[in-house]
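Participant: The structure's right below; bear with me while I get my questions together.
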Amino acid sequence: MATLYVASTETFVGKSAVCIGLLRRMQQDGFRIGYMKPVSVSVAHTREAAIDEDAAFIRGTLGLEASLEHIAPVLITPGVVESILRGQSATYARTLRDAYLSIARDKDIVVLEGTNTWSEGALVDLTSDQVTDLLQAPTLLVTRYRSTLNVDTILSVQRYVGDRLLGVLINQIEEPHLDFVQSRVMPFLERRGIPVFGLMPRDSTLGGVTVNELLEHLGGQLIGQPAWCTRTIEALMIGAMGADASISFFRRRANKAVITGGDRSDLQLAALETSTTALVLTGNFRPSPQVLDRANERQVPIVLVPDDTLTTVDRAERLFGRVRFHQAAKLQRFADLLEASFDFDRLYDAMGMRLR
């Protein structure tokens with residue numbers, strides 16, 4: 001029986017989606033699969049219990065029979081944190097080990113979804129390296145590519161976990177960087193003994209959110225027709241420059257949301273002359289009649305929020321960074337990209353898995 005720990009060193013790199021994509025393909029290839037999220041710091045509370053929503057979604061999507069208590073056995077809730085800080089001890093390692101043995105029974109492969117960073121889980125003595133050591137699980141690192149600084153991160157992980165690093169999947173590579181990553185970064189990592197199982201380009205449809213989702217997340221007031229709010233926002237731009245430079249700046253991105261001060265009518269009008277899906281106006285300023293008229297003509301919804309621009313940008317970026325795959329279309333799109341980009345045969349060989 002094989003075990004694979006899917007790790008990351010930062011949030012929002014697509015780790016949950018990678019787990020689903022790998023498990024789906026393994027299912028199709030005839031392997032008996034299991035899934036776990038050993039340690040969860042993202043806990044939602046229902047009337048019945050505390051749960052990890054992503055783990056629950058993956059369980060339902062893949063039709064897994066294991067209970068959620070075994071799939072996500074260690075939930076770091078505020079109550080758990082409080083009890084630890086008070087000096088109360090608990091055997092979380094034993095809880096995890098028992099859950100793993102239950103999940104792994106009669107399976108060919110168990111995929112473990114790691115925490116967001118290497119430090120998460122330290123409070124319960126279950127950081128990524130501690131979990132992989134406890135369960136003797138090789139690690140697939142999922143990382144995004146922004147610059148060559150990401151290579152430093154990959155090399156640091158290799159130095160930290162040694163032979164337990166099975167390889168890396170580089171995700172969310174912007175189009176201008178693809179050739180460089182393929183021709184320079186990938187061969188360099190391979191020479192350093194780090195197999196690169198896949199290079200995945202950034203896909204704007206996966207990272208996008210609807211205006212409705214942004215509106216709900218920001219808790220703003222809508223000006224415009226609800227029917228306009230089903231459109232997808234593919235990028236965020238901040239309007240904080242002089243009016244003269246604004247048009248050329250806003251033309252750089254299509255299907256965007258522009259976040260700017262509610263008193264900056266010049267920037268709002270400039271944004272409306274380009275491919276803008278929504279305007280987010282900060283400071284609870286209502287737009288001028290001229291902006292309202294132009295937004296109505298272009299059918300662009302306006303969202304009014306009370307926060308300042310920097311706070312609003314930070315909150316919006318958190319929503320965009322956290323790509324959600326609880327939609328069938330996004331899930332299928334990601335599966336298609338993974339199928340085209342990931343070397344499953346090489347992974348199977350590395351893990352000693354044989355196709356039936």
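Participant: Examine region 73-83 for a residue that is open to solvent by less than 20 Å² (accessible area, probe 1.4 Å) and under 29 Å from D349 (Cα atoms), and state whether such a residue exists.
Facilitator: No - not one qualifying residue is present in region 73-83.
Participant: Given (1) of a type in the set (F, W, Y); (2) open to solvent by 60 Å² or more (accessible area, probe 1.4 Å); (3) assigned to a helix (DSSP H, G or I), identify the lone condition not met by Y348.
Facilitator: Single failed check for Y348: (2).
Residues are listed down the side, and each one gets a yes or a no for (1) surrounded by 12 or more Cβ atoms within 10 Å (Cβ to Cβ); (2) farther than 30 Å from L101 by Cβ; (3) in contact with a helix residue (DSSP H, G or I) (Cβ under 9 Å, 6 or more places away or on another chain):
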position	(1), (2), (3)
L134	yes, no, yes
Q172	yes, yes, yes
R191	no, yes, no
F197	yes, no, yes
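Participant: So, of the residues in region 51-79 that are among the acidic types (D, E) and part of a helix (DSSP H, G or I), which turns out to be nearest to the chain's Cα centre (by Cα)?
Facilitator: Ranking the candidates gives D54 first.
Participant: List every residue pair whose Cβ atoms sit under 8 Å apart, with the two residues 6 or more apart in sequence or on different chains, where the first one lies in region 146-171 and is among the basic types (K, R) and the second, anywhere, is part of a loop (DSSP other than H, G, I, E, B) and open to solvent by less than 30 Å² (accessible area, probe 1.4 Å).
Facilitator: Cβ pairs passing all conditions: R164/A137.
Participant: Taking only region 160-170 into account, find how many residues are open to solvent by less than 50 Å² (accessible area, probe 1.4 Å) and at pLDDT below 95.
Facilitator: Number of matching residues: 2.
Participant: Considering L134, L141, which residue is within 29 Å of G193 (Cα to Cα), within 23 Å of the chain's Cα centre (by Cα) and touching a residue at least 40 places away in the same chain (Cβ under 8 Å)?
Facilitator: Exactly one residue qualifies, and that residue is L141.
Participant: Okay, moving on. Could you tell me which of the residues D108, D125 is modelled with pLDDT of 95 or more, more than 22 Å from the chain's Cα centre (by Cα), farther than 26 Å from A235 by Cβ and of a type outside the set (K, R)?
Facilitator: Result of the check over D108, D125: D108.
Participant: Take the conditions of a type in the set (F, W, Y) and open to solvent by less than 40 Å² (accessible area, probe 1.4 Å) and apply them to F285. Does it pass?
Facilitator: It is false that F285 is of a type in the set (F, W, Y) and open to solvent by less than 40 Å² (accessible area, probe 1.4 Å).
Participant: In contact with a Lys or Arg (Cβ under 6 Å, 6 or more places away or on another chain) and on the phi < 0 side of the Ramachandran plot - does that describe any residue in region 280-290?
Facilitator: Residues of region 280-290 that are in contact with a Lys or Arg (Cβ under 6 Å, 6 or more places away or on another chain), as a first pass: none.
Among the residues of region 280-290, not one is in contact with a Lys or Arg (Cβ under 6 Å, 6 or more places away or on another chain) and on the phi < 0 side of the Ramachandran plot, which makes the answer no.
Participant: If P301 satisfies all but one of (1) surrounded by fewer than 19 Cβ atoms within 10 Å (Cβ to Cβ); (2) touching a helix residue (DSSP H, G or I) at 6+ places or on another chain (Cβ under 6 Å), what's the number of the condition it fails?
Facilitator: Status for P301: all satisfied but (1).
Participant: Another question, if that's okay. From the set of residues in region 137-157 that are of a type in the set (S, T, N, Q) and in contact with a helix residue (DSSP H, G or I) (Cβ under 9 Å, 6 or more places away or on another chain), which is surrounded by the most Cβ atoms within 10 Å (Cβ to Cβ)?
Facilitator: Out of the qualifying residues, it is T139.
Participant: Let me ask something else about it. I'd like to check which strands (runs of 3 or more DSSP E) are fully inside region 204-266 and have at least 2 residues that are small (G, A, S) and at pLDDT 90 or above.
Facilitator: Details: elements: 221-223, 235-239, 256-261.
In region 204-266, the matching strands (runs of 3 or more DSSP E) lie at 256-261.
Participant: Identify all residues within region 10-41 that are part of a loop (DSSP other than H, G, I, E, B) and surrounded by fewer than 22 Cβ atoms within 10 Å (Cβ to Cβ); write none if there are none.
Facilitator: Hits for region 10-41 are E10, T11, F12, D29, G30, F31, R32, V41.
Participant: Given the residues A50, A2, A44, A104, which is the only one that is open to solvent by less than 50 Å² (accessible area, probe 1.4 Å), in contact with a helix residue (DSSP H, G or I) (Cβ under 6 Å, 6 or more places away or on another chain) and touching a residue at least 12 places away in the same chain (Cβ under 8 Å)? It would help to see each step written out before you state the result.
Facilitator: Working: A50 fails: in contact with a helix residue (DSSP H, G or I) (Cβ under 6 Å, 6 or more places away or on another chain); A44 fails: touching a residue at least 12 places away in the same chain (Cβ under 8 Å); A104 fails: in contact with a helix residue (DSSP H, G or I) (Cβ under 6 Å, 6 or more places away or on another chain).
Every option except A2 fails the conditions.
Participant: Only residues in region 271-291 that are part of a loop (DSSP other than H, G, I, E, B) count as the first member; pair them with residues that are acidic (D, E) and exposed (fewer than 14 other Cβ atoms within 10 Å of the Cβ), Cβ under 8 angstrom, at least 6 apart or cross-chain, and list the lot.
Facilitator: Sorted first by the residue in region 271-291, then by its partner, the pairs are G283/D308.
Participant: Just for region 205-235: of the residues that are loosely packed, with under 14 Cβ neighbours inside 10 Å and touching a residue at least 40 places away in the same chain (Cβ under 8 Å), which one is nearest to K256 (Cα to Cα)? Outline the logic, then answer.
Facilitator: Restricting attention to region 205-235, the residues satisfying the condition of being loosely packed, with under 14 Cβ neighbours inside 10 Å are 205, 216, 219, 225-227, 230.
Within this subset, residues satisfying the condition of being touching a residue at least 40 places away in the same chain (Cβ under 8 Å) are 205, 219, 225.
On the way: T205: 12, G219: 19, Q225: 18 Å.
Selected residue: T205.
Participant: Continuing with the same structure: Considering only region 111-130, how many residues are within 11 Å of Y92 (Cα to Cα) and either of a type in the set (A, V, I, L, M) or without any contact (Cβ under 8 Å) to a residue 24 or more places away in the chain (or both)? Before you say what the answer is, go through the steps one by one.
Facilitator: Of all residues in region 111-130, those within 11 Å of Y92 (Cα to Cα) come to 121, 123-126.
From what's left, either of a type in the set (A, V, I, L, M) or without any contact (Cβ under 8 Å) to a residue 24 or more places away in the chain (or both): 123-124, 126.
Matching residues across region 111-130 total 3.
Participant: Taking F249, is it crowded, with 16+ Cβ neighbours inside 10 Å, within 24 Å of E174 (Cβ to Cβ), under 20 Å from the mean Cα position of the chain (by Cα) and of a type outside the set (A, V, I, L, M)?
Facilitator: For F249, the condition - crowded, with 16+ Cβ neighbours inside 10 Å, within 24 Å of E174 (Cβ to Cβ), under 20 Å from the mean Cα position of the chain (by Cα) and of a type outside the set (A, V, I, L, M) - is not met.
The values are calculated or read from the model by the stated rules, or taken from the named source; none is laboratory data. None of these values were measured; they are calculated from a predicted model. Glycine gets a Cβ as well: all are built from the backbone with ideal geometry, and neighbour counts include every protein chain shown. Just the protein is used for accessible areas: all its heavy atoms, side chains included, with ligands, DNA and RNA removed. Shrake-Rupley method; radii C 1.70, N 1.55, O 1.52, S 1.80 Å.
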